[in-house]
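The structure under discussion appears below in the form of structure tokens.
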Amino acid sequence: PIWMMLFPLMLCGISELRAEQPKGASIEFSTKVIELGELSQSDDKQIIRLTYKNIGDVPLVVLEVRTSCSCTDVQFKRDKVLPGERGVINITMDPSKAPVGSFFRVLQVVSTSTAGVERITLKAEIIE
């Protein structure tokens with residue numbers, strides 16, 4: 001029967017269609033752990049430029065960056081980042097607002113990537 005000959009060809013066509021569908025936006029950071037070293041509470045604010053790249057195949061948008069303390073502030077644009085392009089999150093850490101001792105904070109980056117939420121860690125040793 002002819003359907004037996006055409007069936008394998010139909011399956012090949014279906015798998016090719018699936019391969020062409022976008023897999024989604026995907027975010028890749030220049031680093032996921034930011035080591036600030038030893039900082040005094042009297043030091044100037046630390047400004048970190050965290051870059052990321054959309055390694056997916058559809059546009060990516062960073063929707064929100066959540067911080068876990070008042071000593072950390074972030075600025076970013078909610079613009080579309082096309083596949084292969086880069087974006088920036090500017091992080092400002094104020095040592096005068098950080099507690100003395102080991103400093104460990106997690107930023108949550110919420111985006112339209114397939115992962116949804118990514119975590120960036122800030123580390124420092126705060127002295128008086």
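The values are calculated or read from the model by the stated rules, or taken from the named source; none is laboratory data. Just so it is clear, the structure is predicted and the values come from calculations on it, not from any experiment. We place every Cβ from the backbone using ideal geometry, glycine too, and count neighbours over all the protein chains shown.
Which residues, taken from segment 105-123, are in a loop (DSSP other than H, G, I, E, B) and touching a residue at least 40 places away in the same chain (Cβ under 8 Å)?
We begin by selecting, within segment 105-123, every residue in a loop (DSSP other than H, G, I, E, B); these are 112, 114-116.
T112, T114, A115 - these are the residues of segment 105-123 that are in a loop (DSSP other than H, G, I, E, B) and touching a residue at least 40 places away in the same chain (Cβ under 8 Å).
Looking only at segment 74-106, count how many residues are touching a strand residue (DSSP E or B) at 6+ places or on another chain (Cβ under 8 Å), surrounded by fewer than 16 Cβ atoms within 10 Å (Cβ to Cβ) and closer than 30 Å to I127 by Cβ. Show your work before the answer.
First pass over segment 74-106, keeping only residues touching a strand residue (DSSP E or B) at 6+ places or on another chain (Cβ under 8 Å): 74-95, 98-106.
Filter once more, keeping what is surrounded by fewer than 16 Cβ atoms within 10 Å (Cβ to Cβ): 75, 77-80, 82-86, 88, 90, 92, 99-102, 104, 106.
Pick out the ones that are also closer than 30 Å to I127 by Cβ and you get 75, 88, 90, 92, 99-102, 104, 106.
Residues meeting the conditions: 10.
Kindly indicate the residue of segment 62-72 that is surrounded by 16 or more Cβ atoms within 10 Å (Cβ to Cβ) and assigned to a loop (DSSP other than H, G, I, E, B) and also farthest from the chain's Cα centre (by Cα) among those meeting that condition. Going through the qualifying residues, I end up with C71.
Taking the criterion of being in a strand (DSSP E or B), within 11 Å of the chain's Cα centre (by Cα) and either over 30 Å from E128 (Cβ atoms) or of a type in the set (K, R) (or both), the residues of segment 28-61 that qualify are E28, F29, T51, Y52, K53, N54, L60.
If the condition is being part of a strand (DSSP E or B) and either of a type in the set (A, V, I, L, M, F, W, C) or at pLDDT below 95 (or both), then segment 73-104 contributes V74, F76, V81, V88, I89, I91, M93, F103, F104.
Within segment 28-39, identify whether any single residue is out of contact with any strand residue (DSSP E or B) (no Cβ under 6 Å at 6 or more places or on another chain) and loosely packed, with under 13 Cβ neighbours inside 10 Å, and answer yes or no. Walk me through how you get there before you give the answer.
So in segment 28-39, the residues out of contact with any strand residue (DSSP E or B) (no Cβ under 6 Å at 6 or more places or on another chain) come out as 31, 37.
Now restrict to residues that are loosely packed, with under 13 Cβ neighbours inside 10 Å: 31, 37.
Yes; the residues of segment 28-39 include at least one that is out of contact with any strand residue (DSSP E or B) (no Cβ under 6 Å at 6 or more places or on another chain) and loosely packed, with under 13 Cβ neighbours inside 10 Å.
When R18 is tested against (1) of a type in the set (K, R); (2) surrounded by 14 or more Cβ atoms within 10 Å (Cβ to Cβ); (3) modelled with pLDDT under 95, just one condition goes unmet, and that condition is (2).
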